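Worksheet: one structure, shown below.
The values are calculated or read from the model by the stated rules, or taken from the named source; none is laboratory data. Note that the coordinates shown come from a computational prediction; the quantities given were computed from them, not determined experimentally. As a convention, Cβ positions derive from the backbone with ideal geometry for all residues, glycine included, and neighbour counts pool all protein chains shown. These accessible areas exclude ligands, DNA and RNA; they are computed on the full protein's heavy atoms, side chains included. Shrake-Rupley method; radii C 1.70, N 1.55, O 1.52, S 1.80 Å.
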Amino acid sequence: MIRLAANLSMLFTEHDFLDRFQAAAAAGFRGVEYLFPYAYAPEELAGALREAGVEQVLFNMPPGNWEAGERGLASLPGREAEFRDGVVEALRYAEALDCPRVHAMAGLLPVGADAETRARHHATYVSNLRFAAAEAAKVGRQVLIEPINTRDMPGYFLSRQAQAMAVLEQVGANGSLRLQFDLYHCQVMEGDLIRHLERQFTAIAHIQIAGVPERHEPDVGEVHYPALFERLERLGYQGWIGCEYRPAAGTRQGLGWGRDYGLMV
């Protein structure tokens, strides 16, 4: 039961954003994700979902000033009020789009951060995630955290799987805080993907994929995704797999890898 979702921030960029929903559906995707919805009214996005017949499966909370290089607010001391406002806004969109999960980006550490600075970021992160998870639980949603590799995103606060699992344990949250497991990021940082899947399986609510190391199609590079998909099926994974990769050429030209999983070239 492999269910693939198109990441519309990376796939089908040959089209205007609101046209990507239909393009994804025509290619066989039944779910979509993307970075941020906030440039559009919820009604516009809901209409695009409805017309294309696809489900919204994930998006990110407001990340701060993305254009200035900010990559999330959840661990940033002094930005708690802004983070909480972002939680409210993200959950408003999630309800309007019937989206079950939102990702809280952790944010960047200052260059040269010492142990004391890291500890302040960790304490802020845990406190903010407790708030976000509690708010999400009230409306039947989940908040996700995702380790992101520090090659692509230098200084990102959450970069290791064990760190994420420790945060999940510390926050608790009775299932309203879960793990977003990006196989690309994990391979870059740690490898040993199947063992990570097995150890962390009960915490995983969403998976993302891309080829390693170039982040192109998942049939190119050092990761053998058919083996990972087979293991996920054996484990009984019921969630979505987000295709968060940059096509080497056009999106449709690179979809041959997904024929066995319902995609159409």
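How many residues does the range 220-260 hold that are within 21 Å of Ser9 (Cα to Cα) and open to solvent by 50 Å² or more (accessible area, probe 1.4 Å)? Total satisfying the criteria: 6. Restricting the range 148-179 to residues that are out of contact with any strand residue (DSSP E or B) (no Cβ under 9 Å at 6 or more places or on another chain) and at positive phi, the residue that is modelled with the highest pLDDT is Gly172.
Please indicate, with yes or no, whether at least one residue in the range 153-163 is open to solvent by 30 Å² or more (accessible area, probe 1.4 Å), without any contact (Cβ under 8 Å) to a residue 60 or more places away in the chain and not in a loop (DSSP other than H, G, I, E, B). Yes, the range 153-163 has at least one match. Number of residues in the range 127-148 that are of a type in the set (A, V, I, L, M) and over 23 Å from Leu108 (Cα atoms) equals 4. Does Gly140 satisfy the condition of being open to solvent by 50 Å² or more (accessible area, probe 1.4 Å), more than 26 Å from Asn7 (Cβ to Cβ) and in a loop (DSSP other than H, G, I, E, B)? Considered against the rule, which asks whether it is open to solvent by 50 Å² or more (accessible area, probe 1.4 Å), more than 26 Å from Asn7 (Cβ to Cβ) and in a loop (DSSP other than H, G, I, E, B), Gly140 comes out as no. The residue pairs whose first member lies in the range 129-140 and is farther than 18 Å from Ala74 by Cα, whose second member is crowded, with 17+ Cβ neighbours inside 10 Å and of a type outside the set (Val, Ile, Thr), and whose beta carbons are closer than 7 Å, counting only pairs six or more residues apart or on different chains, are Val139/Leu91.
Evaluating Arg92 against the criteria (1) touching a helix residue (DSSP H, G or I) at 6+ places or on another chain (Cβ under 8 Å); (2) in a helix (DSSP H, G or I); (3) open to solvent by less than 40 Å² (accessible area, probe 1.4 Å) leaves one unmet condition, (3). Residue pairs whose Cβ atoms lie under 8 Å apart, sitting 6 or more positions apart in sequence or on different chains, and linking a residue in the range 239-262 that is closer than 23 Å to Leu58 by Cα to a partner that is among the hydroxyl-bearing types (Ser, Thr, Tyr) and outside any loop (DSSP other than H, G, I, E, B), are Glu244/Tyr184; Tyr245/Tyr184; Trp257/Tyr225. The residue that is most open to solvent (accessible area, probe 1.4 Å), among those in the range 100-137 that are outside any helix (DSSP H, G or I) and more than 26 Å from Gly175 (Cα to Cα), is Val111.
The condition of being touching a helix residue (DSSP H, G or I) at 6+ places or on another chain (Cβ under 7 Å), within 25 Å of Leu179 (Cβ to Cβ) and touching a residue at least 12 places away in the same chain (Cβ under 8 Å) holds for only one of Pro42, Pro63, Pro37, that being Pro37. Give just the number: which of (1) out of contact with any Phe, Trp or Tyr (no Cβ under 6 Å at 6 or more places or on another chain); (2) assigned to a strand (DSSP E or B) does Tyr184 not satisfy? Among (1) out of contact with any Phe, Trp or Tyr (no Cβ under 6 Å at 6 or more places or on another chain); (2) assigned to a strand (DSSP E or B), the lone unmet condition for Tyr184 is (2). Considering only the range 9-55, state which residues are open to solvent by less than 10 Å² (accessible area, probe 1.4 Å), among the hydrophobic types (A, V, I, L, M, F, W, C) and under 25 Å from Arg215 (Cα atoms). Residues satisfying the conditions are Leu11, Phe12, Phe21, Ala24, Ala27, Phe29, Val32.
All of Glu222, Glu214 fail the test of being in contact with a Pro (Cβ under 8 Å, 6 or more places away or on another chain) and without any contact (Cβ under 8 Å) to a residue 60 or more places away in the chain, apart from Glu222.
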